[in-house]
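Below is one structure, written out as structure tokens; the observations come after it.
The values are calculated or read from the model by the stated rules, or taken from the named source; none is laboratory data. All figures in this text were calculated on a predicted structure; none of them were measured in a lab. Cβ coordinates were reconstructed from backbone atoms using ideal geometry, including for glycine residues, and neighbour counts include every protein chain displayed. Please note that ligands, DNA and RNA were not included when accessible areas were found on the heavy atoms of the full protein model with its side chains. Shrake-Rupley method; radii C 1.70, N 1.55, O 1.52, S 1.80 Å.
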Amino acid sequence: MPHRWRPILATTALVALTLGSAACSNSAASATGGNNSQPVQSVALIGGVRDSPFYAAIDCGAKTEAQKLGVQYNYAAPGTFDPAAQQPVLSSVIASRPQAILIAPTDKVAMQAPMHQAKEANINLITVDTELDNPGDLSSQVNSDNIAGGALGADTMATLIGGKGKVIAMSEPPGSSTDDQRVQGFVDQMKAKYPDITVLTTQYADHSAQATASKVSSVLAANPDLKGVFAVDNFTGDGAPIGVRNANARANVKIVAFDAQPSQVEALKAGDIDAIISQNPFDMGVLGVDYAVNLGKKETVPTKKITGLLAITKDNVDSPAAAPFIYKSC
């Protein structure tokens, strides 16, 4: 998945901004026991797509915590970020009868019915990262506040471009709760706080860095005065710098990406992007396993847990504070 590109001249980084890094925002309601109140001996995690540094980091956190607690643990993910590909993976995991399933649903509507099958099989369900439109079957949800992440992206971009000019968000087709919310947070924050910034119509690339690069180049051809690109996930984050460079516009266009996977951290250090809004996926994995085990003990867990966000720049990328937000596998 990661793509390589030639380093270019670095730009000035901005001061880091943080949101909720202590992961303290919880729903007031809580779940106790869930569907399965047996002592938990097995937990499975289903990621959104294979070969993703983000989901590998969630897997690392979950695996580390499962080993610590003496719980059997398995990880699986589809080859593409697509509910049609994720559904048979989920069915196979349900058939293996874990006592809890952590899952990042690839579509907030299309995965609703397939995940209901786990509830019917008396398996506790905990979502990590992405969400469902209707959380009624879930014992808990562990994720970032993606609307706040989009707003942090807007604030970071506004600082970079001096509070005026044209900007655009690059996303995947609607359906993924995380991407949809990041776009919403970005657009709403720009409209509410920055009257001298014009937000162009969001462009969508189909889970492809190459498609993103092409879209960005087309936007720049139509808007040569574009000042910023907000890339809301790893695919668009890999592709946006390519499109800007292909249009010979890097000197004038700031890029804020989302997710500190290795290719984007490398691009930040090389000066190909200006900032990364990052999550703490390792913590999501740890909390998901903790909640699964606690449900088996009939203990109370939050119905919703919000983990932290950090704006990473060249100024703080190597700092201890940024370390938990740099995605690593294990």
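Brief remarks on what is shown
- For first residues located in region 314-330 and over 14 Å from D283 (Cα atoms) and open to solvent by 50 Å² or more (accessible area, probe 1.4 Å), partners that are modelled with pLDDT of 95 or more and not hydrophobic (A, V, I, L, M, F, W, C) and lie 6+ apart or on another chain with Cβ distances below 8 Å form the pairs K314/K269; K314/G271.
- All positions within region 254-279 that are open to solvent by 20 Å² or more (accessible area, probe 1.4 Å) and in contact with a Pro (Cβ under 9 Å, 6 or more places away or on another chain): P262, E266, K269, A270
- For region 88-106, the condition of being aliphatic (A, V, I, L, M), open to solvent by 20 Å² or more (accessible area, probe 1.4 Å) and touching an Asp or Glu at 6+ places or on another chain (Cβ under 7 Å) holds for none of the residues.
- Test: residue in region 50-63 that is within 15 Å of the chain's Cα centre (by Cα), more than 14 Å from D129 (Cβ to Cβ) and in contact (Cβ under 8 Å) with a residue 12 or more places away in the chain: yes
- Of the residues making up region 66-93, those that are more than 25 Å from T236 (Cα to Cα) and in a strand (DSSP E or B) are Q72, Y73, N74, Y75.
- Contact map, region 163-189: residues that are closer than 24 Å to V128 by Cα paired with residues that are charged (D, E, K, R) and surrounded by fewer than 19 Cβ atoms within 10 Å (Cβ to Cβ), Cβ distance under 9 Å, separation 6+ or inter-chain. Pairs shown: E172/D206; P173/D206; S177/D133.
- When T212, T202, T159, T198 are screened for being open to solvent by less than 10 Å² (accessible area, probe 1.4 Å) and among the β-branched types (V, I, T), only T212 passes.
- Taking the conditions (1) buried (at least 19 other Cβ atoms within 10 Å of the Cβ); (2) in contact with a Ser or Thr (Cβ under 7 Å, 6 or more places away or on another chain); (3) touching a residue at least 60 places away in the same chain (Cβ under 8 Å) in turn, G243 satisfies each one other than (3).
- Just so you know, in region 283-313 the residues that are among the hydroxyl-bearing types (S, T, Y) and within 21 Å of the chain's Cα centre (by Cα) include one that is most open to solvent (accessible area, probe 1.4 Å), and it is T303.
Conditions tested, residue by residue: (1) open to solvent by less than 20 Å² (accessible area, probe 1.4 Å); (2) of a type in the set (D, E, K, R); (3) under 22 Å from V43 (Cα atoms).
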site	(1), (2), (3)
A110	no, no, no
H116	no, no, yes
N122	no, no, yes
D133	no, yes, no
G136	no, no, yes
Q141	no, no, yes
S144	yes, no, yes
G153	yes, no, no
K166	no, yes, no
